Every structure is written in C-alpha cells, then in structure tokens.
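The values are calculated or read from the model by the stated rules, or taken from the named source; none is laboratory data. Not measured: the values here are computed from a predicted model. Counting neighbours? That spans all protein chains shown, and the Cβs are built from the backbone with ideal geometry, glycine included.
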Amino acid sequence: MPVFRSIVFAAALAGLIVGVVISIAQFFGTVPLIQQSEVYERKAETGVPPAAHEQGGATHDQGKPHSHDREWEPEDGFQRNAFTVAANILTAIGFALLLAGIYAIRGRQVTWREGLLWGLAGFVVFTAAPSLGLPPELPGMPVAPLTARQTWWIATAAATAGGLCLLVFRPAAWAAVLGLALIALPHLVGAPLAPESHSEVPAALSHRFVVAVTLTSLLFWSLLGVATSIAFERISRPQI
Amino acid sequence: MQQSQSARLSAIAVDSNVIAQAVLAMALGLFIVGVVGFSHISAVHNAAHDVRHANAFPCH
C-alpha cells in the first residue's frame, strides 16, 4: 500500500515538527493561563462546602471526582510538560493524517499554498465552528455534562466540514443553500448550556484564554496544512 | 474524455484503490485525535489535559 505508507510517513514527519512548534507556542500562550486558572479552581474546591459545590451542577461531570483527587496525573513541571508535548505531537499527527489523506485523494500536486488553504479549512471546522457554541474554557469554569458537549462538538465539526465541501466542490445553487444550512444548523440547535453558577475564574482571564487558543490554533492549522503538503509531495513524488 | 474505455476503467480502479488507502489513513487519524482529545479514560485525560484545553476540546 504505497499511498498509505506515504500518507503515514508525511503525517508523522509534519505532525512531529508542528507538534513541537505548537507546544512552544502553548508554553507562552495557553499553559500559563491554564495554570493561573487552576489556582482559582483549587480555591473553589477547598473553599466551598461539597454540597453547595455539587449543587452548582457541573464544574465536574456527573459527580465524578475530579482529576486532582485520586487518579494518576502527571506531576507539575517537566513531566506534565512532556505529556503536553507528546499529546500535541499525537494530535498533530492525527490531523495531518486527515490532511494527507485529502491530498492523496486530490490526485495532483498540492502546493504549499493549497495546503495552507486546507489547513485554514481545518481551523474553521475544528476550532472556529465548535468554539462559537463551546468557547475554549479554562479549568474551573462551569460547564455542561462532558458527553453532551463532546457530541455537539463532533456533530458541529462534521456538519461544518460537510457544508464547506458542498460549497467548494458542488457548483450548483442547491449545494450552496444546503452547505450554508449545514454550517448554520448546529448553532440553531444550540450547544449544551453551562448551568448558571458562580465561577472563581475572572472574566478577563477567560477572555485572554479564548484569544490565546484561537491564535495558537490558527498557527497550528496553518503550519500543519503547509508542512503536510510539503512532506506529502516530497515523500509521494520524490522524483519531482 | 479522450481516454479509451479501458484506460478510463483502469484509472478508476487505481483511483478507488488510492481512495481506500487514503480513507484508511484518515480513519486512523481520527482515531488518534479521538483517543488524545475525547477519551474518557482518566489517565489519558490527565496526560493530555492542557492540550485538550488548548485545542478547545470539551474537557471535564
């Protein structure tokens, strides 16, 4: 399976590079904000009586104990950051497999500029559209049940991807109407709402986090689109 | 359009083979993202915690 091998090699290479670069960006952008927020999260956990805390609904999912309580978690510092880098590399490889698969199906040379456009489409599908309904949240903010949010997130990404494909690849008027409707539909249905409850996390911190996530994600998808297109072209057509 | 029938058929056969391999790779990619970003296993959640928040994946 030569095409499969080319896709996997290209995705592994692009994902490794982009995963490391984006980790560096996150250590300056999102990670300090997450750590600041966890100070408020811990304060809320220790300061509020458990009954009142659970009543608020759902900083925790279905009453499950939070990750800070009993289960394994990486130690702060080197170990935690190493896992962040590893998770970033894996995520980048996963999304790069998606992009390289598309490039293979295109069946012709995908330039770095076309790769950039595919990357930006990834940004719209996997960051911009889901973030409209479920803005990036810091630890300790009130949220709806996890499974409901995951379901809405995945459905929104799928509908946005389908809608964009119809808009771009079908020139007919019905496709444009259906494509736009598909993109709008998840937002008309609405994302699962967080329960009304007080959060210790300051609004300014939360706002900075939304901006930081959006910018690092824009960088991630731009780099991944370009890196995957270059790697896939080099690996699948080395003679050119 | 100018291709002969047999050349077109073999081109379609090659294409569907390429598409099958590409779809397989894409499914693998989605599986990896699913485990890192969406798995409910607590250890996986804790290991990838900061990345889930930074990617705006739904998290605890």
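A few points about this structure:
- Long-range neighbours under 6 Å by Cβ, at least six apart or interchain, first residue more than 7 Å from chain B (Cβ to nearest Cβ) within the range A:88-109, second in a loop (DSSP other than H, G, I, E, B) and surrounded by fewer than 24 Cβ atoms within 10 Å (Cβ to Cβ): A:Tyr103/A:Val110
- You will find that of A:Arg113, A:Arg170, the residue that is in the same structural domain as A:Glu45 (by TED's automatic domain parsing), of a type in the set (D, E, K, R) and surrounded by fewer than 20 Cβ atoms within 10 Å (Cβ to Cβ) is A:Arg113 and no other.
- Some residue of the range A:113-129 being at pLDDT below 95, out of contact with any helix residue (DSSP H, G or I) (no Cβ under 6 Å at 6 or more places or on another chain) and in a helix (DSSP H, G or I): no
- Members of the range B:37-60 found to be out of contact with any Phe, Trp or Tyr (no Cβ under 7 Å at 6 or more places or on another chain), aliphatic (A, V, I, L, M) and surrounded by fewer than 24 Cβ atoms within 10 Å (Cβ to Cβ), listed by number: B:Ile41, B:Val44
- Taken over the range A:173-223, the criterion of being of a type in the set (Ser, Thr, Tyr), surrounded by 16 or more Cβ atoms within 10 Å (Cβ to Cβ) and assigned to a loop (DSSP other than H, G, I, E, B) is satisfied by A:Ser199 alone.
- Applying the criterion of being among the aliphatic types (A, V, I, L, M) and within 25 Å of A:Leu182 (Cβ to Cβ) to the residues of the range A:131-145, the residue that is farthest from the other protein chains (Cβ to nearest Cβ) is A:Leu132.
- When the range A:132-160 is filtered for residues that are among the small types (Gly, Ala, Ser) and surrounded by fewer than 19 Cβ atoms within 10 Å (Cβ to Cβ), the ones remaining, listed by number, are A:Gly133, A:Ala144, A:Ala148, A:Ala155, A:Ala157, A:Ala158.
- Residue pairs whose Cβ atoms lie under 8 Å apart, separated by 6 or more positions or on different chains, with the first residue in the range A:155-171 and in a loop (DSSP other than H, G, I, E, B) and the second crowded, with 19+ Cβ neighbours inside 10 Å, are A:Arg170/A:Gly179.
- Test for A:Val48: is it at pLDDT 95 or above, surrounded by fewer than 19 Cβ atoms within 10 Å (Cβ to Cβ) and not small (Gly, Ala, Ser): no
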